[in-house]
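Rule-based calculations on the coordinates, nothing more; no lab input. Remember, predicted model here, so these are calculated numbers, not experimental data. Using ideal geometry, Cβ is built from the backbone for each residue, glycine included, and neighbour counts are taken over all protein chains shown.
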Amino acid sequence: MEVLRNKPNTALENMPMPKSITPMEGKATFVGIDFHKRFSVITVGNEKGEVLSQHKLSNDEHEVRKFFLRLDPVICAIENCRGNEWFVETVKQCGSKVKVANTYAVRLIADSVKKNDKIDSKILMELVIRNYLPVCYQPSRNERILRENLRWRTRLMRSRTQYKNIAHAVLDKETKKLDWGPRLGAIVYNKKAVSLPSVTAAWGVPRGDRLF
């Protein structure tokens, strides 16, 4: 693949995107990563800001590890987005440093009318070289696990309240009393307390349709 040195963006946009690693001239020290769900576009550059190569890499842990182990330890820039935690951890395990950028701040600094994956990854590389990259806090693995557990608990609590309110509404329509369990808020289900037609009507299910 041709090595680009201070060429305009038109040449960069038309450059082919190989999936395999190609030889690079010069020492790679900085990497910009435009992360997507199924693939990532990676721009490799040196300390002068020159683009040494660009790659379209499949988001497979083995492929990512293989790519970064072929490089010397580098400083990488990647935007903060959903689902890239495993990518960041894999790159760190390969000996490189990863800076996670604030997506909104990056757009304010380097907003471009004509955008594509190659340009986005190149912009990230240039920002981290010039120390202009607006980084955000990177929680540790234990912190991420704790946050995820708290999020799921919050969702379950909201769902529990929603279904309790539905049960209250159905029982009120049937003028039935609510039996409480050993703990406040624990409803003891009684099969004979509510008739099926009243439940389907409360949930907006037409008569004759199945609930599940």
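So the values come out like this:
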read-out	value
Nonlocal amide H pairs with C76, under 5 Å, H built at 1.01 Å	V31, K97, V98, K99
Listed pairs K92/K118; K66/K118; K37/K97; K97/K118; K27/K97; K66/K92 exceeding 19 Å between Cα atoms	K92/K118; K66/K118; K37/K97; K97/K118
Extension gain, D72 back to T175 (0.36 nm per residue minus Cα-Cα distance, nm)	29.8 nm
Pairwise FRET efficiency - C81 versus Y132, Cβ, R0 = 30 Å, nearest 0.05	0.95
Potential extension, H62-I145 segment - 0.36 nm per residue separation minus Cα distance	27.6 nm
Among 68-76, 148-156, the order from most to least packed when residues are scored by Cβ within 10 Å on average	68-76, 148-156
